[in-house]
Amino acid sequence: MAHPSQLGFQDAASPVMEELLHFHDHALMIVLLISTFVLYIIVAMVSTKLTNKYILDSQEIEIVWTILPSVILILIALPSLRILYLMDEINDPHLTIKAMGHQWYWSYEYTDYEDLAFDSYMIPTQDLTPGQFRLLETDHRMVVPMESPIRVLVSAEDVLHSWTVPALGVKMDAVPGRLNQTAFIASRPGVFYGQCSEICGANHSFMPIVVEAVPLEHFENWSSLMLEDASLGS
């Protein structure tokens with residue numbers, strides 16, 4: 001998760017987020033090289049009194065500053081397209097979860113189970129225990145098995161929301177009447193925090209998202225306990 005005074009991204013917890021971080025570094029290096037070159041040209045032109053009367057009519061310069069930007073754009077576009085297709089690729093998910101946005105909480109339904117669904121509300125500040133994070137903890141976490149493809153179907157009950165977990169590289173709009181889907185693979189166990197990323201009303205900042213990735217056997221135990229609680233409650 002993010003830390004106070006943090007300037008960089010959160011630690012990647014999925015292969016997609018790792019690819020996004022690599023692409024960010026790749027694009028940033030290109031921008032840095034271009035900025036350095038342009039700054040050098042500006043300083044050189046300001047600091048010298050010499051001029052070249054043919055520079056504005058040079059055929060060679062015209063060719064260079066036409067081809068070079070095209071090459072740079074291709075170097076940015078190709079990795080970007082690769083990641084876009086990687087993010088849209090959902091092959092044989094091991095688990096499907098439906099996330100519904102409400103004003104102002106999330107509800108989750110594990111569609112591979114008959115009766116595994118719950119609402120997830122933010123824990124008020126006065127009810128937090130030591131070690132929990134203000135405005136980020138929920139009473140029920142979305143528990144998933146690590147190293148397994150997870151598909152998340154995202155929609156909303158009332159207004160626009162956005163289901164976002166930065167460490168997993170996931171951000172999907174929740175639109176009333178429409179079912180969007182996204183996918184991720186948690187590459188390590190842990191608890192990953194997110195928040196609604198679409199302004200949805202007065203309590204928009206009070207509907208956090210908590211995804212807990214656990215080993216498969218722990219997930220099976222958790223799901224069994226949840227199903228038992230559901231059967232006792234019914």
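Number of residues in region 132-182 that are in contact with a strand residue (DSSP E or B) (Cβ under 6 Å, 6 or more places away or on another chain), among the basic types (K, R) and closer than 16 Å to M207 by Cα: the value is 2. If the condition is being touching a Gly at 6+ places or on another chain (Cβ under 9 Å) and closer than 18 Å to N180 by Cβ, then region 91-144 contributes only S107. Looking across I41, I76, I63, I67, one residue alone is in contact with a helix residue (DSSP H, G or I) (Cβ under 7 Å, 6 or more places away or on another chain) and either at pLDDT below 95 or not assigned by TED's automatic domain parsing to the domain that holds L153 (or both). It is I76.
Could you tell me which residue of region 148-175 is farthest from H94 (Cα to Cα), considering only residues that are touching a Lys or Arg at 6+ places or on another chain (Cβ under 9 Å) and aliphatic (A, V, I, L, M)?
Within region 148-175, the subset touching a Lys or Arg at 6+ places or on another chain (Cβ under 9 Å) is 152-156, 162-165.
Subsequent filtering for residues that are aliphatic (A, V, I, L, M) retains 152-154, 156, 165.
Values: V152: 11, L153: 14, V154: 17, A156: 24, V165: 19 Å.
Ranking the qualifying residues of region 148-175, first place goes to A156.
Name every residue in region 1-58 that is part of a helix (DSSP H, G or I), of a type in the set (D, E) and under 30 Å from F184 (Cβ atoms), in order of residue number. Give the derivation first.
Initially, region 1-58 is screened for residues part of a helix (DSSP H, G or I), giving 15-47, 55-57.
Those left that are additionally of a type in the set (D, E): 18-19, 25, 57.
Once the filter is applied, which keeps residues that are part of a helix (DSSP H, G or I), of a type in the set (D, E) and under 30 Å from F184 (Cβ atoms), region 1-58 yields E18, E19, D25.
Among residues of region 156-175 being in a strand (DSSP E or B) and touching a His at 6+ places or on another chain (Cβ under 9 Å), the one that is nearest to M122 (Cα to Cα) is H161.
The set of residues in region 29-86 being farther than 20 Å from E19 by Cβ, polar (S, T, N, Q) and under 40 Å from the mean Cα position of the chain (by Cα) consists of S35, T36, T66, S70.
Candidates S197, S223: the one that is surrounded by 13 or more Cβ atoms within 10 Å (Cβ to Cβ), assigned to a loop (DSSP other than H, G, I, E, B) and of a type in the set (S, T, Y) is S197.
For region 126-158, which positions are more than 26 Å from L225 (Cα to Cα) and modelled with pLDDT of 95 or more? Even if it seems obvious, please write down each step before you answer.
Residues of region 126-158 that are more than 26 Å from L225 (Cα to Cα), as a first pass: 126, 134-135, 155-158.
S155, A156 - these are the residues of region 126-158 that are more than 26 Å from L225 (Cα to Cα) and modelled with pLDDT of 95 or more.
Within region 204-220, which residues are farther than 23 Å from H3 by Cα and either β-branched (V, I, T) or assigned to a loop (DSSP other than H, G, I, E, B) (or both)? Steps first, please.
Just the residues of region 204-220 that are farther than 23 Å from H3 by Cα, to begin with: 215-220.
The one that is farther than 23 Å from H3 by Cα and either β-branched (V, I, T) or assigned to a loop (DSSP other than H, G, I, E, B) (or both): P215.
Pairs needed: first member in region 139-158, in contact (Cβ under 8 Å) with a residue 24 or more places away in the chain and over 14 Å from A13 (Cβ atoms); second member anywhere, of a type in the set (V, I, T) and not in a strand (DSSP E or B); C-beta distance under 7 Å; at least 6 residues apart or different chains. Hits for this filter: R151/I90; S155/V175; A156/V175. Scanning for something surrounded by 10 or more Cβ atoms within 10 Å (Cβ to Cβ), in contact (Cβ under 8 Å) with a residue 24 or more places away in the chain and not small (G, A, S), does region 67-74 turn up at least one residue? Yes, region 67-74 contains at least one residue that is surrounded by 10 or more Cβ atoms within 10 Å (Cβ to Cβ), in contact (Cβ under 8 Å) with a residue 24 or more places away in the chain and not small (G, A, S).
Per-residue answers, yes or no, for (1) touching a residue at least 24 places away in the same chain (Cβ under 8 Å); (2) under 17 Å from the mean Cα position of the chain (by Cα); (3) more than 27 Å from Q103 (Cβ to Cβ):
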{"residue": "T182", "(1), (2), (3)": "yes, yes, no"}
{"residue": "I185", "(1), (2), (3)": "yes, yes, yes"}
{"residue": "G190", "(1), (2), (3)": "yes, yes, yes"}
{"residue": "G194", "(1), (2), (3)": "yes, yes, no"}
{"residue": "E198", "(1), (2), (3)": "yes, yes, no"}
{"residue": "P215", "(1), (2), (3)": "yes, no, yes"}
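The values are calculated or read from the model by the stated rules, or taken from the named source; none is laboratory data. Predicted, not measured: the structure shown is a model, and the values here were computed from it. Please note: Cβ atoms are built from the backbone with ideal geometry, for glycine as well, and neighbour counts cover all protein chains shown.
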